[in-house]
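Just below is one structure, and these are the notes that go with it.
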Amino acid sequence: MDVNDGHISGSPGQGPQSLADTGGGADTGAPLEIGVAGEPPINSRLLAMIVAGRYHGMELDPNEFRGNAADKMPSAASLSAWAQGSGMWARAVRLRWRHLMRFHNTGPVVLLFTDGTAGLLTGVNTEHKVVFIKDPRAPASDAAVPVDELRLTEVWAGEAVLVRASRGYAETDAPFSLRWLLGVVMQEKKSLRDIGIASLALSMLTIFPPFLVMTVVDKVLTHHSYSTLALIAVIVGIAILYETLLGYARRIIVLVVGTRIDARLNLHVFGRLLRLPLDYFERHPAGETMYKISQIHRVREFMTGKLLTAFLDLMTLMVLLPFLFWLNAPLAWIVLACACVIAMIILAFLKPMAVIFGRVVAAETSKQSVLGETVFGIRTVKSLALEPQRKALWD
């Protein structure tokens, strides 16, 4: 084909199949299918979706396509659902020629031809009024073919599938770091707000006992004011009741938040596991992978346990510290000085402890790797009499 003033010249006998067969396929009049030896052929439309997915860094598995396997013309809706199920953003649309003129640097658009094949729209030239179509079966080095409106409308009725990497994909595949975990925890803002309010109230209730003791010493013991003692007893009883209820409510909310975060972490980790390439599982033993997944609950326990407790204790400290200085400034400074010394000791031991704990984790991972390999390959171990070697490795 040649481009003459923005139009395509070619033999008028070329039909829909010839436009899709820019890669050199034979014109059979039916949707062509390709495949490698020993594997079922891939429909042209499925192949176009796979090529478009690879452009966006995604690998679509044709075995996961949920359409009718006997259907030679997969619908745009089924192709879109397939891409969405694989973690991409996709939409089945019906376009016109003027819409195609707007696709500048948008990535490939899958055009579904009327004969059951498909082509990839890789670019447009508004000056010459042509679009560039590439056959998904053509080698990557082959250039796209310029096609004008007249030629395209002979083989295309407007069906297309728009695909791109999902906006949530970057978040889903974000590094498993403390920052990402904090983002997961912060999704429970409402519950965390309730926990903060309960902790603030508990901190205020913590202040009452010292003042009540002061009142008992100053009023009851000195002036023998038994009516004041009765009033203080009632106040103490109410404070204990509220503290019990608030403490119970806070524990329930923390438990609910922990359960929700557990669910999100497990869904995220298992989703990441399924998207890992095959060579990862060839390089890492199954036992090692299973051990790392099984330890995910420790991450959650840290986020909703130690870290949350430290945050709540810090909130309590912010409430109590002004009262400490109001009661006795020198004693408050002594408390702060001791706290600073303890913090410096903890900071000094963080790095050595991290190194040692890293060795512990590596040892536990190796142990679980050996255990998993032995259990999964017990037939091989028994048949080759490898029990002594496996036992020595375990020891």
Here is a list of conditions, (1) in a loop (DSSP other than H, G, I, E, B); (2) of a type in the set (A, V, I, L, M); (3) modelled with pLDDT of 50 or more, and Ala30 meets all of them except one; can you say which number that is? (3)
The condition from (1) among the β-branched types (Val, Ile, Thr); (2) at pLDDT 75 or above; (3) surrounded by 14 or more Cβ atoms within 10 Å (Cβ to Cβ) that Thr304 misses is numbered (2)
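Quick check on segment 152-175: of everything there that is of a type in the set (S, T, N, Q) and surrounded by fewer than 15 Cβ atoms within 10 Å (Cβ to Cβ), which residue is modelled with the lowest pLDDT?
Top of the filtered list is Thr172.
So how many residues does segment 347-373 have that are of a type outside the set (A, V, I, L, M, F, W, C) and surrounded by 11 or more Cβ atoms within 10 Å (Cβ to Cβ)? Can you show your working first?
Of the residues in segment 347-373, the ones of a type outside the set (A, V, I, L, M, F, W, C) are 351-352, 358-359, 364-369, 372-373.
Add one more test, that the residue is surrounded by 11 or more Cβ atoms within 10 Å (Cβ to Cβ), and what stays is 364-369, 372-373.
So the count comes out to 8.
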Residues in segment 214-234 that are assigned to a helix (DSSP H, G or I) and surrounded by fewer than 16 Cβ atoms within 10 Å (Cβ to Cβ) total 14
Go through segment 235-286 and report how many residues are within 16 Å of the chain's Cα centre (by Cα), assigned to a helix (DSSP H, G or I) and not β-branched (Val, Ile, Thr). 14
Number of the condition not met by Cys338 [criteria: (1) modelled with pLDDT of 90 or more; (2) under 33 Å from the mean Cα position of the chain (by Cα)]: (2)
Just a yes or no: is a residue in segment 242-259 closer than 30 Å to Lys189 by Cα and polar (S, T, N, Q)? yes
Only listed residue being of a type outside the set (Phe, Trp, Tyr) and within 26 Å of the chain's Cα centre (by Cα), chosen from Ala362, Ala385: Ala362
Reported set for segment 61-116 where residues are touching a residue at least 40 places away in the same chain (Cβ under 8 Å) and among the charged types (D, E, K, R) is Lys72, Arg91, Arg94, Arg96, Asp115
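Based on what the data block shows, is Asp395 more than 31 Å from the chain's Cα centre (by Cα) and without any contact (Cβ under 8 Å) to a residue 60 or more places away in the chain?
yes
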Would you point out which residue out of Thr244, Thr215, Thr259, Thr289 is out of contact with any Asp or Glu (no Cβ under 8 Å at 6 or more places or on another chain) and modelled with pLDDT under 75? Thr215
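One line per residue, one yes/no per condition, for (1) over 15 Å from Gly305 (Cα atoms); (2) exposed (fewer than 11 other Cβ atoms within 10 Å of the Cβ); (3) of a type in the set (Asp, Glu):
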position: Leu246; (1), (2), (3): yes, no, no
position: Ala249; (1), (2), (3): yes, no, no
position: Val254; (1), (2), (3): no, no, no
position: Thr259; (1), (2), (3): no, no, no
position: Leu267; (1), (2), (3): yes, no, no
position: Gly271; (1), (2), (3): yes, no, no
position: Leu276; (1), (2), (3): yes, no, no
position: Asp279; (1), (2), (3): yes, yes, yes
position: Pro285; (1), (2), (3): yes, no, no
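To keep it simple, each residue is scored yes or no on (1) charged (D, E, K, R); (2) part of a helix (DSSP H, G or I).
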{"site": "Ala81", "(1), (2)": "no, yes"}
{"site": "Phe103", "(1), (2)": "no, no"}
{"site": "Leu120", "(1), (2)": "no, no"}
{"site": "His128", "(1), (2)": "no, no"}
{"site": "Val131", "(1), (2)": "no, no"}
{"site": "Asp142", "(1), (2)": "yes, no"}
{"site": "Leu150", "(1), (2)": "no, yes"}
Of the candidates Met303, Met290, the one satisfying the condition of being closer than 30 Å to Arg193 by Cα and touching a residue at least 40 places away in the same chain (Cβ under 8 Å) is Met303
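The values are calculated or read from the model by the stated rules, or taken from the named source; none is laboratory data. Fair warning: this is a prediction, and the values are worked out from it, not measured in the lab. All Cβ positions, even for glycine, are placed from backbone atoms using ideal geometry, and neighbour counts span all protein chains on display.
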